[in-house]
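A.B. asks: Before I ask anything, let me first share the structure, which is written out below as structure tokens.
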Amino acid sequence: MATIQDDPIVLPDDPEFGPEVQVDYPGYRSTRWRAPSRPLVTLPEEFHDLEGPVFGPELIGELDHDLTRQHAGEPLGERIVVTGRVLDEAGRAVRGALVEIWQANAAGRYRHEVDQHPAPLDPNFSGAGRCLTDDEGRWRFVTIKPGSYPWGNHENAWRPSHIHFSVFGRQFTRRLVTQMYFPGDPLLEFDPIAHSVRDPKARRLLIASFDLETTQPDWALGYRWDIVLGRAGARTTPLEES
Ligand SMILES: [Fe+2]
């Protein structure tokens, strides 16, 4: 099985840290605090062999993948189905990977104390879900389309609609964190987070496709987005440093 951390997305060379380290991206202010300020330390080999938690199906609740059914009522907003596969660099399915998402509600507000954006909270929407990939590497969520929100990075800064994704492999040390965007969003062009992935082709890999096959008549629009792990070059889903 492919591992997630064999992996880091290759960013432009940095003479001090080497070619595979996320560095400070000036347009995205908080990367200043995330980018390493000292050279990386290589962990002893045995650390990589440590088995993390086993993500068995018993950990996943029946409705964990459906963010529209976690409360007494339905959340407000445009109901969507988002699905795709987790694949390794050879295009093979990654089975049993834990896929977690978190997102703002339809009004662009997170249910989190740090988010004080004056948009309404939705009592029927928590904004978090999870599932395991099946034998074909497939995952699927039912949710509502997240709204845009201002984020204070610079004057008049608004995030395009996005869903945060985390993918764990079979080991706790192997995790990918990234964001999925929606096609046709006019804010993508202005978003320093999306643009911190500098290669336009790699950036395109973060945008889901509208999918009529996934769309359910009279019920929900469908989007498809595949996550490709490892060193698959131009096909690899760009990572976000966490
Ligand atoms: Fe966000």
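A.B. asks: Looking at Leu176, Leu76, Leu87, which one is in contact with an Asp or Glu (Cβ under 9 Å, 6 or more places away or on another chain), open to solvent by 70 Å² or more (accessible area, probe 1.4 Å) and either aliphatic (A, V, I, L, M) or touching a residue at least 60 places away in the same chain (Cβ under 8 Å) (or both)?
C.D. replies: Just one listed residue meets the conditions, Leu76.
A.B. asks: Still on this structure, I have one more. Tally up the residues in the stretch 116-127 that are modelled with pLDDT under 95 and either closer than 19 Å to Ala208 by Cα or within 13 Å of the ligand (Cβ to nearest atom) (or both), please.
C.D. replies: Pass one, the stretch 116-127, residues modelled with pLDDT under 95: 116-118.
Those left that are additionally either closer than 19 Å to Ala208 by Cα or within 13 Å of the ligand (Cβ to nearest atom) (or both): 117.
Looking only at that region, the number is 1.
A.B. asks: Cβ-Cβ below 8 Å, separation at least six or inter-chain, first residue in the stretch 189-200 and touching a residue at least 40 places away in the same chain (Cβ under 8 Å), second of a type in the set (Lys, Arg) and buried (at least 20 other Cβ atoms within 10 Å of the Cβ): which pairs?
C.D. replies: Cβ pairs passing all conditions: Ile193/Arg159.
A.B. asks: Consider only pairs whose beta carbons are under 8 Å apart and that are at least six residues apart or on different chains; among these, list those whose first residue lies in the stretch 213-224 and is more than 18 Å from Pro75 (Cβ to Cβ) and whose second residue is surrounded by 13 or more Cβ atoms within 10 Å (Cβ to Cβ) and of a type in the set (Gly, Ala, Ser).
C.D. replies: Sorted first by the residue in the stretch 213-224, then by its partner, the pairs are Glu213/Gly222; Thr214/Gly222; Thr215/Gly222; Arg224/Gly84; Arg224/Ala208; Arg224/Ser209.
A.B. asks: Go through the stretch 128-157 residue by residue and tally those that are within 15 Å of the ligand (Cβ to nearest atom), assigned to a loop (DSSP other than H, G, I, E, B) and either of a type in the set (A, V, I, L, M, F, W, C) or buried (at least 21 other Cβ atoms within 10 Å of the Cβ) (or both). Talk me through it step by step, then tell me what you get.
C.D. replies: Narrowing the stretch 128-157 to residues within 15 Å of the ligand (Cβ to nearest atom): 128-129, 143-153, 157.
After this cut, where a residue has to be assigned to a loop (DSSP other than H, G, I, E, B) as well, the list is 145-148, 151-153, 157.
If we keep only those that are either of a type in the set (A, V, I, L, M, F, W, C) or buried (at least 21 other Cβ atoms within 10 Å of the Cβ) (or both) as well, we get 146, 151, 157.
The number of residues fulfilling the criteria is 3.
A.B. asks: Could you list all residues from the stretch 34-45 that are open to solvent by 50 Å² or more (accessible area, probe 1.4 Å) and either in contact with a Cys (Cβ under 9 Å, 6 or more places away or on another chain) or under 24 Å from Arg174 (Cβ atoms) (or both)?
C.D. replies: Residues satisfying the conditions are Arg34, Arg38, Pro39, Leu40, Val41, Thr42, Leu43, Pro44, Glu45.
A.B. asks: Only one of (1) at pLDDT 95 or above; (2) more than 16 Å from the ligand (Cβ to nearest atom) is not met by Ala106, so which one is it?
C.D. replies: (2)
A.B. asks: Could I ask something else about it? Is it the case that the stretch 189-210 has a residue that's surrounded by fewer than 19 Cβ atoms within 10 Å (Cβ to Cβ), modelled with pLDDT of 95 or more and among the hydroxyl-bearing types (Ser, Thr, Tyr)?
C.D. replies: Among the residues of the stretch 189-210, at least one is surrounded by fewer than 19 Cβ atoms within 10 Å (Cβ to Cβ), modelled with pLDDT of 95 or more and among the hydroxyl-bearing types (Ser, Thr, Tyr), which makes the answer yes.
A.B. asks: Confirm whether Gly27 is at pLDDT 80 or above, part of a loop (DSSP other than H, G, I, E, B) and in contact with a His (Cβ under 9 Å, 6 or more places away or on another chain). Before you say what the answer is, go through the steps one by one.
C.D. replies: Working: at pLDDT 80 or above: yes; part of a loop (DSSP other than H, G, I, E, B): yes; in contact with a His (Cβ under 9 Å, 6 or more places away or on another chain): yes.
Considered against the rule, which asks whether it is at pLDDT 80 or above, part of a loop (DSSP other than H, G, I, E, B) and in contact with a His (Cβ under 9 Å, 6 or more places away or on another chain), Gly27 comes out as yes.
The values are calculated or read from the model by the stated rules, or taken from the named source; none is laboratory data. Bear in mind that the values here come from a model prediction, so they are computed numbers and not experimental data. As a convention, Cβ positions derive from the backbone with ideal geometry for all residues, glycine included, and neighbour counts pool all protein chains shown. Note: areas computed on protein heavy atoms with side chains; ligands, DNA, RNA excluded. Shrake-Rupley method; radii C 1.70, N 1.55, O 1.52, S 1.80 Å.
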